[in-house]
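Below you'll find the structure, written out as structure tokens, and then a few comments.
Any read-out appearing in this document is the output of simple, stated calculations on the displayed coordinates, not a laboratory observation. This one's a predicted model, so the numbers in the text were calculated from it and none came from an experiment. Cβ placement follows ideal geometry from the backbone for every residue including glycine, while neighbour counts extend to all protein chains displayed.
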């Protein structure tokens, strides 16, 4: 279980964790650290794209399993985290070239469109 994994991290005194998973997995992992009581100071690294401030939002399914895992509680667990995120921007020299995967768009126009939503 996720709690067992967090207990193992705590017992081995691991302070740097590479997370490979989606938002739900990451949120569940943070919840497990809250439930287990892992003290602050973890360094979380991730290789996935996430929505902005995803950890601040309440997840009803997760809170049904562990009521302590509110968005506010996960914000405290994640406090001080360093988030390195790719912005999905193309190279400046390529930003105005037509995209083959999105006809009628360049990376600049597609990025602008995405930002409106």
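One table, with the values for the structure above:
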quantity	calculated
Residue in region 49-64 that is nearest to the chain's Cα centre (by Cα), counting only those that are surrounded by 13 or more Cβ atoms within 10 Å (Cβ to Cβ) and in contact (Cβ under 8 Å) with a residue 24 or more places away in the chain	50
Residue selected from region 1-48 under the condition free of Cβ contacts under 8 Å to residues at least 24 places away in the same chain and in a helix (DSSP H, G or I), by the criterion nearest to residue 62 (Cα to Cα)	25
Hey, residue 71 without any contact (Cβ under 8 Å) to a residue 24 or more places away in the chain, under 30 Å from residue 114 (Cβ atoms) and surrounded by 10 or more Cβ atoms within 10 Å (Cβ to Cβ) or not	yes
Residue list for region 21-48, restricted to those being within 10 Å of residue 77 (Cβ to Cβ) and surrounded by fewer than 12 Cβ atoms within 10 Å (Cβ to Cβ)	40
